[in-house]
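The values are calculated or read from the model by the stated rules, or taken from the named source; none is laboratory data. All of these numbers come straight from a predicted model, not from anything done at the bench. In this analysis, Cβ positions are derived from the backbone assuming ideal geometry, glycine residues included, and neighbour counts consider all displayed protein chains. Just so you know, the surface numbers come from the protein's heavy atoms only, side chains and all, with ligands and any DNA or RNA stripped out. Shrake-Rupley method; radii C 1.70, N 1.55, O 1.52, S 1.80 Å.
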Amino acid sequence: MRSVMSGGDMDRALRRIAHEIVERNRGADDLVIVGIRTRGVPLAERLMDLLEEIEGSSVASGVLDIGMYRDDLDSRPRTVLGPTEVPIIDGKTIVLVDDVLYTGRTIRAALDALADLGRAAVVQLAVIVDRGHRELPIRADFVGKNLPTARAEHVTVRVAETDGEDGVWIDEPTPQEQGSAA
Amino acid sequence: MKHLLTMEGVDRATLTSLLDDADEFYEVMHRPIPKVPALRGKTVATMFFEPSTRTKMSFERAAKSLSADTLSFSPGTSSLKKGESLKDTVLTVKAMGADLMVVRHTSTGAAWRVAEWAGVPVVNGGDGAHQHPTQALLDSLTLRQHFGGLDGLRVAIVGDIRHSRVARSDVWAFTTLGAEVTLVAPPTLLPPDLVGWPVAVSSDFDDVLSEVDAVYVLRVQAERGGASVFPSVAEYRQRYGMTNARFNTLKPDTIVMHPGPMIRGIEIDGGVAVDPRCKVLEQVTNGVAVRMAVLFQLLGGSKDV
């Protein structure tokens, strides 16, 4: 497992993203920071804290579970659902937060889930890592680190709140996985 | 979980996982758009060989809220009681593309037979006086919502236990989740096969009333012979009915539940039925949520993958 972002790198990336969000949206008044379960949630909370620190006012936040919106339910282990708690989003600027942007399918599901909860004015996307290999026309507005990867590699984001430490790692593929990828 | 046929032997983790998912679907039901795409393209067939309004509608509502399509089968006036006819019906519905079958039948074990033939997940929507697992799940959810959990709860189930598939499912679900269950009925309305049931039994309703957290009132099932075993409706009501007078002797936080349809004036008085501590309509709402959870777990991917 190769480290590609330390805890300090992650913290600096989140701080930069928080400033970019404020700059892009000219403040944080109409923002709702929505974390995608599971690792998007603590990241969204940290961004919210940073935004409140920068702006000196409170920022709304929410949690989105996309288990009911996946397009691959048939081909994965049984999806464990979690709570969705999102304040009123009508007319608001939503910043979706997730750990890794990969195929884009999670974000597609999150956009569908958001649309069922109301009509946001704008939806933006913040991720710690963009590892490429998109399968849908989706891009991130705020990226911690662009990380070129092979499909067979695994990118692991750890956050202190759930995993005990911060950081991003790449797992080298096992020979077996390399075989199946080729 | 491949099918949902019975509550007997279903472990606590499985029940809890279904109730946890039901909590999330309960939240979906209260959204401005109470619908999610989870089962888009799936077809749920409701095959009710015995009359039902709420269970059938509840399953159809649950399927539609998950974006599944529904196929409905009604026996109408024709009799489909022979095994061969049932099998042909199942194979026909399967051939139409059903991905899951919900079966209600007057015969005990019908859903197990259907599960052998169907080749798709089967949910028992009630088989004779035997099992009604989704009813037990919605009752458990109602208790859990109200009390936060079932551990240590004392629940009395009163009435026509003998003919009740609801009681046969509730007893297992409630006790597996940690509740203590007392069955209250005249001896003639108790099942002959009580050996092995994890319950206490009493024939004195007033004796247990003051101790319980929930009273689960059953309907006297005239269609299964339940009305013929006591002398008169008035006597039944007087000894086993949830009357206004009895209701007033309950602890102030005790709730009353009923699977419906309620026959007011026999097993429950009108004043009790409309009291906020009577959870009948919450049970109906929770029925849709737990059935969404069941359909989602049976059709939305598998632990085995």
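General observations
- Cα gyration tensor category, rounded, prolate or oblate, for chain A with a/c compared to 1.5: oblate
- Here the protein assembly as shown carries DSSP beta bridges of which approximately 15% are antiparallel, counting only pairs with both residues inside.
- For the range A:32-132, applying the loop criterion from DSSP together with a ceiling of 11 other beta carbons within 10 Å to the trypsin sites (Lys or Arg not before Pro) yields A:Arg119.
- Those trypsin sites (Lys or Arg not before Pro) in the range B:98-164 that DSSP places in a loop and that have at most 16 other beta carbons within 10 Å: none
- The sum of -39500 (n - 2.57) across all DSSP H runs of n ≥ 4, divided by the residue count of chain B, sets its helix-only mean residue ellipticity at 222 nm to -12000 deg cm²/dmol.
- Centroid-to-centroid separation of the range B:102-125 and the range B:131-156 [C-alpha atoms, Å]: 24 Å
- Scalar couplings 3J(HN,Hα) for the range B:281-298, obtained by applying the Karplus form with A = 6.51, B = -1.76, C = 1.60 to θ = phi - 60°, are 6, 4, 4, 5, 4, 5, x, 5, 5, 5, 5, 4, 5, 5, 4, 4, 6, 7 Hz; x denotes Gly and Pro.
- Computed from the alpha carbon positions, the gyration tensor of the range B:59-191 leads to an equivalent ellipsoid with semi-axes of 31, 20, 11 Å, biggest first.
- Antiparallel %, DSSP beta bridges [both residues in chain B], to 5: 5 percent
- Restraint check, A:Lys92/B:Lys42; B:Lys2/B:Lys279; B:Lys2/B:Lys56; B:Lys42/B:Lys279; A:Lys92/B:Lys64; A:Lys92/A:Lys145, Cα-Cα greater than 23 Å: A:Lys92/B:Lys42; B:Lys2/B:Lys279; B:Lys42/B:Lys279; A:Lys92/B:Lys64; A:Lys92/A:Lys145
- Cα pair distances of the range B:133-280 binned at 5 Å [whole percent]: 2, 10, 22, 25, 23, 13, 4, 1, 0
- 1.4 Å probe accessible area per residue over the range A:4-65, in Å²: 45 Å²
- Summed over both chains, the area buried between B and A is near 1700 Å², taken from the accessible surface of protein heavy atoms with a 1.4 Å probe.
- 5 angstrom amide H check on A:Gly167, placed H, neighbours 5+ away: A:Arg158
- Centre-to-centre, using Cα atoms only, the range A:123-140 and the range B:213-284 are separated by 57 Å.
- Close amide-amide hydrogen proximity is noted between A:Val32 and A:Thr93, A:Ile94, A:Val95, each under 5 Å apart and 5 or more residues distant or on a separate chain (H modeled in the peptide plane; Pro and chain starts excluded).
- Relative contact order for chain B: 21 percent, from Cα pairs under 8 Å spaced at least 6 residues apart, divided by residue count.
- Remark: mean inter-chain Cβ contacts per residue of B:32-39 equal 5, using a 10 Å Cβ-Cβ cutoff to other protein chain atoms.
- DSSP-defined antiparallel bridges as percent of all bridges, chain A, nearest 5: 30 percent
- Working note: Karplus 6.51/-1.76/1.60 with θ = phi - 60° gives the range A:61-75 the couplings 8, x, 10, 10, 9, 10, x, 7, 10, 5, 9, 10, 4, 5, 10 Hz, where Gly and Pro are set to x.
- Counting only other chain Cβ atoms within 10 Å of each residue's Cβ, the peptide A:70-81 averages 6.
- Under the criterion of Cα pairs below 8 Å and six or more residues apart, the relative contact order for chain A equals 25 percent.
- Peptides ranked, highest mean first, by Cβ atoms within 10 Å: ranges B:118-128, B:8-18: B:118-128, B:8-18
- Diffusion coefficient of the protein assembly as shown by Stokes-Einstein, Kirkwood radius over Cα pairs, 37 °C, 0.692 mPa s: 130 µm²/s.
- More than 26 Å apart - percent of Cα-Cα pairs taken over chain B: 44 percent
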